[in-house]
Structure formats: structure tokens, C-alpha cells
Amino acid sequence: MTTYAVTGATGQLGALVIEALLDQDVNPADIVAIVRNQAKAAALSERGITVRQADYTAPEALAAALAGVDNLLLISGSEVGQRVAQHTNVVEAAQSAGVRRIAYTSVLRADTTALALAPEHKATEAVIRDSGIEFTFLRNGWYTENYTGQLGQYLQAGAIFGAAGDAKVAAAPRADFAAAAAIALTGEGHGNKVYELGGLPFGFAELAAAVSDITGRDIPYRNVSQAEYQQGLIAAGLDEGTAGFFAALEANTAAGDLDTDSEDLAKLLGRPATSLPEAVRAAHAG
Ligand SMILES: NC(=O)c1ccc[n+]([C@@H]2O[C@H](COP(=O)([O-])OP(=O)(O)OC[C@H]3O[C@@H](n4cnc5c(N)ncnc54)[C@H](OP(=O)(O)O)[C@@H]3O)[C@@H](O)[C@H]2O)c1
């Protein structure tokens, strides 16, 4: 019997990973959901999943939460700037608890990319490698929801504004990354492997075409300069720092940092990733 733990189990990706594990017929009693807010996890307990409370900042609680765990999925935290220290706490707790393998949600080409968000992932990968624990690096591409989640704004603005030119993004829905994570966590042969996980690459003109086709509205892609993009976000109410962060992400996107031709995701899933039109259709229906 193998015991699996998932951190961030009350987050969007974590919840989908738990579903994917159950879909794979993993016994709920063999799943440990590690959450920082137990009140959010009542539905998990009701389904027979063991819920343990531990914040990434609390080493002792983390060690207790990982007792008896064999394979751990460490879902990267959301507190940018604090994540290396937080993830290091999890890895050290895993060492003391005797965890056999850590799967970690990283980013595409974490060790070489210029993506502004990558340094914390690169550093976390190094901490995991140095721990001596077997690892599986799930270098996730962008979530399609980063775009489909803005469907209402696209329709309201009558256009999709961006500064990524004709760059492509190999995005996939969270559910695809979650299913791949569950497969990598439970399957054999994934120890000390690095997976570059991306969906079917699409450009922003394709995104605009899919949105137009599915909503029945004419929503073109309007490419602007990075400075104009940043100003547009400030005009829409974002503070300068946040607008600068998103403008820098556009520059990363334009440079191809969110694209990959790797087939690792489809190989892990045993099927192609969900297509852009399918994802837009689901968002529109939702
Ligand atoms: N590939 C992409 O496009 C993309 C986009 C955004 C983020 N990400 C990364 O992927 C991760 C998962 O994505 P998501 O959509 O599931 O994000 P999410 O819904 O924000 O989930 C993040 C999870 O991390 C937990 N968490 C954050 N700080 C923690 C702490 N100090 N201690 C314990 N748990 C903590 C949160 O707990 P609570 O449930 O209590 O809030 C939540 O469950 C993100 O955290 C981020 O690192 C990827």
C-alpha cells in the first residue's frame, strides 16, 4: 500500500489532483490532503480522505502532516517571494518523515527560462535534488484558464489586448495538469524525471478566433507595445507594480517562454491535451 499526499489540496489545482487520484481508483484512505485551512477541507474529510493542517511556514506541523507518506505532490505556493523558504520547509519535513518521492509543480524549462516567475521554481528544484529524495519535476506550462477566465473582460472590451505579438503559448487546462500529476504520482518509472508539460500551442489570433467563433461576437486580437499594455492595466485600476508584473509576463510570452513542443503532457495523459476551442467552449458554457 502506498500513501499519497497532496499539498495545496484546497487550491484549484490541488482539488483537481485529488479528483484525479480518486478517478484512478486510489483508495481515499490512502490520500492525505495537506491544507493550511482545515475549514476549507470539510468536503475532503467527508469523502474519507485524511486531512492534515500544515502551513508551508510551519516546519513541525509539516513533519507531522507527512508522517507515513510515501509519495508527495508539493504544489508550489502562491506567496511569490517567500516560496523558496516555504518549499524548503516542506522538503526538510519530507526528509525527516522518510518520504520516498516528491513530485513538484514547477515551470517550463525552470533551469534555463527567462520567465520572471522561474527563479523560485529553479531554486526549489535544486533544494529537492539536494535532499536526495527521488523527484519528479512537473514543469507545468500556463493554465488555459489564465485566458478563458478573462472571457467576460474580452467580451466587455470587444477585443483581446496583449503585447505578445505572434508568440505561441502551450497552455492546457488545470484539469490536464492535475491528471498528469496524479498519473506521475501513482505510476512507476517517474522517479528522477523532469517533464516539460504543455498543451497544444496556440497564438493570440487563434485565441481571438476561438472566442469569436464560440461566443458569436467579433473579438479581434489587438497587439500593443509593452508600455501601452502596462498603461492599459493601470487605466483599468491595477497598481503600477502589478501592471508591471503582467507587462513583464507579456514580454516573456512574446519571447516564447510559455511555449514548448514537448509531448510529455500527452504522453503522461495517454491522450492529447484539451484543445483551445474545447476550453473556450467550456468556459463559455460555464
Ligand atoms: N501554470 C500556471 O498558469 C500557474 C498560474 C498561477 C499559479 N501557478 C502556480 O501553481 C500553483 C497551483 O495553482 P492553483 O491554480 O491551484 O493556485 P491556487 O488555487 O492559488 O492554490 C494555491 C494553493 O497553495 C496553498 N498555499 C499557498 N500558500 C500556502 C502556505 N503558506 N501554506 C500552505 N499552503 C499554501 C493554498 O492554500 P489555500 O487553499 O488555503 O489558499 C492553495 O491551496 C500556484 O500556487 C502557483 O505556484 C501556476
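The values are calculated or read from the model by the stated rules, or taken from the named source; none is laboratory data. On a predicted model such as this, the values are computed, not experimentally measured, just so you know. Note that we place each Cβ from the backbone using ideal geometry, even for glycine, and neighbour counts take in every protein chain shown. The accessibility values were calculated without ligands, DNA or RNA, using every heavy atom of the protein model including side chains. Shrake-Rupley method; radii C 1.70, N 1.55, O 1.52, S 1.80 Å.
Quick look at the numbers
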| quantity | calculated |
| --- | --- |
| Charge dipole magnitude, Cβ of K and R +1, D and E -1 - the range 4-140, Cα centre, debye nearest 20 | 200 |
| Largest-first principal axis extents of the Cα set of the chain (Å) | 54, 36, 34 |
| Zone residues, the range 90-117, relative to THR2, backbone N less than 16 Å from point 7 Å out along Cα-to-Cβ | 99-104 |
| Sum of side-chain charges, LEU108 neighbourhood, beta-carbon under 12 Å (Lys, Arg +1; Asp, Glu -1) | -3 |
| R0 of 22 Å, Cβ-Cβ distance GLN150-GLU206: FRET efficiency to nearest 0.05 | 0.90 |
| Whether the range 189-286 is rounded, prolate or oblate, judged on the alpha carbon gyration tensor where a/c under 1.5 counts as rounded | oblate |
| Accessible surface, per residue, of the chain when the full set of protein chains is kept, probe 1.4 Å, Å² | 44 |
| Calculated [θ] (222 nm, deg cm²/dmol) that DSSP helices of n ≥ 4 give over the chain, each run adding -39,500 (n - 2.57) | -13500 deg cm²/dmol |
| q = 0.16 Å⁻¹: log10 I(q)/I(0) that the Debye formula gives for the range 4-140, counting C-alpha atoms only | -0.76 |
| Computed FRET value (nearest 0.05) for PHE245 with ARG129, which takes r as the C-beta separation and R₀ as 30 Å | 0.60 |
| Charge context of ALA157, other residues only, Cβ under 13 angstrom, K/R +1, D/E -1 | +1 |
| Tensor-based shape of the range 67-157 (alpha-carbon gyration tensor, a/c under 1.5 rounded, otherwise prolate or oblate) | prolate |
| Rounded to 5, percent antiparallel among DSSP beta bridges of the chain | 5 |
| Net charge of neighbours whose Cβ lies under 14 Å from the Cβ of PRO173, counting Lys and Arg as +1 and Asp and Glu as -1 | -1 |
| Sorted peptide list for 203-213, 79-89, criterion being average Cβ within 10 angstrom, highest first | 203-213, 79-89 |
| Inter-label distance, nm, simple model (7 Å from Cα along the C-beta direction), ASP218/ASP111 | 5.0 |
| Highest to lowest packing among 116-125, 148-157, scored as the average C-beta count within 10 Å | 116-125, 148-157 |
| Residues in the range 112-139 reached by a label modelled at GLN226 [backbone nitrogen below 17 Å; 7 Å Cα→Cβ] | 113-119 |
| Accessible surface, 1.4 Å probe, highest first, among residues ARG271, ARG52, ARG101 | ARG271, ARG52, ARG101 |
